[in-house]
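Notes to accompany the following structure.
The values are calculated or read from the model by the stated rules, or taken from the named source; none is laboratory data. These numbers come from a predicted model, not from an experiment. For neighbour counting, all protein chains shown are included, and Cβ atoms are generated from backbone atoms with ideal geometry for every residue, glycine included. Note: accessible area is taken over every heavy atom of the protein model, side chains too, but ligands, DNA and RNA are not part of it. Shrake-Rupley method; radii C 1.70, N 1.55, O 1.52, S 1.80 Å.
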Amino acid sequence: MNKRVLVLIAAFTCLVGGCTMAPEYTRPSAPIPLQWPKGEAYQDTAEPGALPVQALSRQTFFGNEPLLKLIDLALENNRDLRLAALNVEKARALYGIQRAELFPALHATGAGAKEQRSLDLISPGEPRTVEQYNIGLGMAAWEIDFFGRIRSLEDQALEEYLATDAARQSVKIALVSQVATAYLTLAADRENLNLARSTLDSQQKAHDLIQRQYEVGIATELDLRRAEIPVEIARRDVARFTQSVALTQNALNLLAGVTVPENLLPKDLKTVQEPGTVLAVLSSDALLFRPDIMAAEHRLKSAYALIGAARASFFPRISLTTGIGTASDALSGLFSSGTGTWNFVPQVALPIFDARVRAAYRVSKAQRDIAVTQYEKTIQTAFREVADALAVQTMIDRQIAAQETLTQAVAKTYFLAKKRYENGIDSYLSVLDAQRSLYTQQQVFNTLLLQKSANQVRLYAVLGGGDE
């Protein structure tokens, strides 16, 4: 009889691989154009040295050895990335728990009891002291998944695990982007700090010269007071950019998870190798492989699986409790002939009236619709991010070229105004205006250089970060 019970258990186990009642998954159509935007703001032809999306990699894109070492440092020590990896491990373990529900849990038990009964409660001739020992192997309330409820819950847990893993990859790409952007920002801050210091030095010398001229009666007090203005502006900016350098370096240390060695930090913007130029040659369907979009799709599949579990709840649940063992009134007789025991207790539960089951089904369908909307919104956001970055990539070079010409023109104006003042042809007000304009345009030029490099990093990130 024991053999027949074991065969029956094995047969029930084979039914675990049955189908589910989840609706067939169909990927929603992407609510975006097939091609990237066209127009004056977008580059129609490939730039020399531009990297196609499919050729992206961290090493070839950045190509800056100190920055690559800094990124590796962050990937090893950043706590946000470590937390994302731990969440993946947690999701994997939860999936393992849910999958284990498909199979019976076997438990071995052993017990022994010895009891002395009251003489008033036993018949003549019966022993007053009784003993009982038993050993068994069995399972309790194992749900046989005829209608795929547990299988659907397993699929849901799997998709949640895959979504968490994709989210980890998304965090990784974001971290690389943030580190690179902070690195470039620090370079720009130091560039502006150097500019402010050199401006302070030159304006202090000009102020000292006018101070001497004022003392001998050549310059007026108005010229002296005007000369103080650029000195104090530069002094203020030295303090401001010194603060910005400290704050950006603190942010970089937080991203890296450790204090970044000085030899990995940039000296200024001019010495930093510019990131590669990205060429979006693929259609917008390439966005479907972006980690955050893949995570949204896995959550959508999870919602489909949840519908399957909700549907299966309308059907009977069949559970089984069974076991085999041996029992005896003496410990030495546990394995004697005739002491074997077994039990087989199938149970069927059919929901006849349970409003919670139907409500849960409606919730699962609503959750599916929410997941579809979130998936579509994620795609639309990704398309907008790429389109914005492509527009900046095309137009920023024109802005830089115009700004460079403008800065050179203002520098020439400053030189001529200074000569006219020194020759007594014009007042110091013209020098002051020209110097202020030159200083402003130099800062604007540095800002545009930072925007170009930061946008290239952004485009690398919004296109999915490339392959390692």
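Here are a few things to note about the model shown:
- Sites Ala359 and Ser337 - FRET efficiency at Förster radius 56 Å, r taken between beta-carbons, to 0.05: 0.50
- The chain - mean residue ellipticity at 222 nm from DSSP helices (-39,500 (n - 2.57) per run, n ≥ 4, rounded to 500): -22000 deg cm²/dmol
- From phi via Karplus (6.51, -1.76, 1.60), per-residue ³J(HN,Hα) for segment 397-403 in Hz, x at Gly/Pro: 5, 5, 5, 5, 4, 5, 5
- Within the accessible area of segment 305-376, the carbon and sulfur atoms contribute 60%, probe 1.4 Å, all protein chains present.
- To put it simply, the accessible area of segment 150-276 at a 1.4 Å probe is 54 percent carbon and sulfur.
- Accessible surface, segment 190-248, averaged per residue in Å² (probe 1.4 Å): 56 Å²
- Given [x] 138, 54, 41; [y] 100, 41, 36; [z] 83, 59, 44, the label whose value is Cα extents along the principal axes in Å derived from this model: [x]
- Separation between Cα centres of segment 144-201 and segment 86-105, rounded to whole Å: 25 Å
- Selected from Ile173, Leu186, Phe147, residue furthest toward positive end of dipole (segment 144-219; charges at beta carbon): Leu186
- Cα-centre dipole for segment 298-432 with unit charges at Cβ (Lys and Arg positive, Asp and Glu negative), debye to 20: 400 debye
- The order of Glu24, Glu262 by accessible area, most exposed first and with a 1.4 Å probe, is Glu24, Glu262.
- For Arg212 and Lys90, the FRET efficiency from 1/(1 + (r/R0)^6), where r spans their Cβ atoms and R0 equals 56 Å, is about 0.15.
- Projecting the Cα atoms of Leu463, Ser302, Val357 onto the dipole axis of the chain, where Lys and Arg carry +1 and Asp and Glu carry -1 at the beta carbon, places Val357 farthest toward the positive end.
- The phi torsions of segment 438-454, fed into the Karplus equation with coefficients 6.51, -1.76 and 1.60 and a -60° offset, translate into couplings of 5, 4, 5, 5, 5, 5, 4, 4, 4, 5, 5, 4, 5, 4, 5, 5, 5 Hz, rounded to whole numbers, with Gly and Pro shown as x.
- Residues whose amide H comes within less than 5 Å of that of Glu143, counting only those at least five positions distant or on another chain, are Leu320 (H built at 1.01 Å from N in the peptide plane).
- By average C-beta atoms within 10 angstrom, highest first, the peptides 183-189, 307-313, 166-172: 183-189, 307-313, 166-172
- Listed by chain and number, the lysines placed with their C-alpha closer than 26 angstrom to that of Lys90 are Lys172, Lys301; residues fewer than eight positions away on the same chain are left out.
- Extension gain for the segment Ile370 to Ala330, taken as residue separation times 0.36 nm less the Cα-Cα distance, is 8.0 nm to one decimal.
- Note that segment 357-369 has calculated 3J(HN,Hα) couplings of 5, 5, 5, 5, 5, 5, 4, 5, 5, 5, 5, 4, 5 Hz, one per residue in order, obtained from phi through the Karplus relation 6.51 cos²θ - 1.76 cosθ + 1.60 (θ = phi - 60°); glycine and proline are x.
- Top positive-direction residue, dipole computed over the chain with Cβ charges, set Tyr428, Leu252, Thr381: Thr381
- Built amide H within the under 5 Å cut-off of Thr277, gap 5+: Leu51
- The charge dipole of the chain, taken about the Cα centre with unit charges on the Cβ atoms of Lys, Arg (+1) and Asp, Glu (-1), comes to about 620 debye, rounded to the nearest 20.
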